[in-house]
Structure formats: C-alpha cells, structure tokens
Amino acid sequence: MPIEATANRLLDPAVLHQISGLDLVAKTVVDGFVAGLHRSPDFGFSQEFAEYRAYTPGDDLRHVDWNVYARTDRAYLKRYKGETNTVLMVLLDVSGSMGFGSGTLRKVDYAKFLAAALVYLAHLQRDSAGLIVFADTVMNFVQPSSRQGQLMRLLHGIDGAQLGKRTDFQRPFFELQQFQKRRGITVLISDFFENPETIVKTVEPLRQRGSELILFHLLDPREIEPVFGEAALLLDMETGDAMETSPEYVRTEYRQKIRSHLETLRLKAQGAGLDYQLLRTDKPLDDALREYFRVRGGRM
C-alpha cells in the first residue's frame, strides 16, 4: 500500500475509534502523520540549519530528513541553531454539546484523539506539556512538565474526561494565567458554541503575553450541513432547551447562521493574532497536526 494511503488510513477517525487504549491511538496518529510528512511542502523550521546527526531512539521525529532516509535507508536529524524547548498546554472542552455525534464518533472522542496526539508529540520533542479539562468548571488540571511519567498522567487525564454541562471559557484561562510564567503554545479544543467576540476577548490576553494560541474548532458534519426530511424537535445538550424546527429553516436560516458564526470567529481570531482551524469530525487529523507544527516550527 502506498505511504500516502497508509497515512490517511491511520489518521481516519473511524479507524481510530476502533482502537482500544488512548496511548495506542496517540501513537497510531503520530506514526501515520510522520509517514506522510514527505508530502508537506511547508513543514519545517524557519531557524538557521546547523548540522546533521544520526537518529537515536527517543529523538524528535520532526527533525528527521526523510529525503536523506529515502536515499540511504538511514535516519538523520537536522539540527538548528537556537533550538529551545517549549511549554504546550492543551485545554480540552468537555461541555455537554461536545457529546454530539451524528455517527459512532462524538466530538469529544475526536477531541480526545487530537489532545492525545499533541501531548504525545510534545513527549517525543521532550517539551513540557500540561492539560486543563473544563466545562463550566475546571474538572482536571495537570501542570506542565517533561518529567518521567508525565505522558501517562496526561493520557489518563484525557481518557478519563467526562462530559459536563455548559461552557465557561473564563475558568480555564483564569487558571492558566495564574501559573504560566513562560511563553509557550496553548491549544484550545472546543466546538465554540459561544459568541465569537466573547471567546476572543477571553483568550486574547494570553496571546498579548507572548504565548501562541491555536483554536481547534471541532464540529460534526451534520452541524455544518444538517439534513432534515421533516419537522424535528432540537434539544440543547447544555441547557436542555428545546426548539421545533422545519426542513425549510435548516436549508436556509440555520445554514446562514452557522456560516456567519464560523466566518466571524475566524476573522476575529485572526485579527487578534490567534491561529484558527476548523476541523470536521469525519476528516483525518492531518490538518490539525499540520497546523500545530506550523505554529510550533514557524514562530520560534
């Protein structure tokens, strides 16, 4: 099977959902992504190249020169001047709406796969990584560290995260600002069912303090393009409120509103210097990891 087909298969959320154990999911995603890195023209660092050295187990996989490997069957790493480790904080939204899924995979499942892959990558890079699981309160907080056992602590926290009720973005960012002293990368994974201006105003102060922020916006395909053949009663998974809707409303007004919400959030995030990525839960995690590496590598 071609490498590209293998990588896409390993990144397919439907396949990942069949794997038991979040540690195996994380490794599968990362292995599949690394196998496809040769296809990315924009992958890499902007730093000045310094030297090559032979790969040893545990080294940072993103430094491997795959062109050299293809020619020699030997793995060599590119080293760059001025390399520094960073701090990655993953903020995982587990509010009630994240429990929605039009198929077998819920948004919260996809979010866990992504969070697990990111902390696993940080582990491979010997970066510090931490976790905040939140809904209307902070439900779990793992302070960032690169010490032994941290990866298992993070994966355990992600895997054990339970759905809450409403979303309150102020809670996790208040906690984060209390201890964060170093610049780093903060990844916020959510379905962002909140006013875009409120979201950006809440998270923007962290960006102003020098940290990079990536907003991963997770939506089920049926939330973007709903299909109704008849009138239906829609239930808000966070408030319990119900609304009767018609196929005509879904085809016209709803689609206009969701498009407006997505565009407004994207523009306001980018205007504040935040990185924004919309992810559909039926798509491979390739785009998400590529966006993470673009920030990780391009702005150091």
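The values are calculated or read from the model by the stated rules, or taken from the named source; none is laboratory data. Because the structure is a prediction, the values reported are computed rather than measured. Because the Cβ atoms are built from the backbone with ideal geometry, glycine has one as well, and the counts that use them run over all protein chains shown.
Here are the numbers for this structure:
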quantity	calculated
Output for the range 189-228, where each listed residue is of a type in the set (Asp, Glu), under 14 Å from the mean Cα position of the chain (by Cα) and modelled with pLDDT of 90 or more	Asp191
Number of positions in the range 268-299 that are of a type outside the set (Lys, Arg), in contact with a helix residue (DSSP H, G or I) (Cβ under 9 Å, 6 or more places away or on another chain) and more than 22 Å from Val25 (Cα to Cα)	8
Residues (outside any helix (DSSP H, G or I) and of a type in the set (Asp, Glu)) located in the range 153-206	Asp168, Asp191, Glu194
Hits in the range 94-126 - residues which are assigned to a helix (DSSP H, G or I) and either touching a Pro at 6+ places or on another chain (Cβ under 7 Å) or over 26 Å from Asp12 (Cβ atoms) (or both)	Gly96, Tyr110, Phe113
Filtered residue count, the range 127-152, keeping only those that are touching a Ser or Thr at 6+ places or on another chain (Cβ under 6 Å) and either among the hydrophobic types (A, V, I, L, M, F, W, C) or assigned to a loop (DSSP other than H, G, I, E, B) (or both)	3
Options Ala111, Ala129; residue that is touching a strand residue (DSSP E or B) at 6+ places or on another chain (Cβ under 9 Å) and touching a residue at least 60 places away in the same chain (Cβ under 8 Å)	Ala111
Boolean, Tyr276 is at pLDDT 90 or above, closer than 22 Å to Lys112 by Cα, among the aromatic types (Phe, Trp, Tyr) and under 22 Å from the mean Cα position of the chain (by Cα)	yes
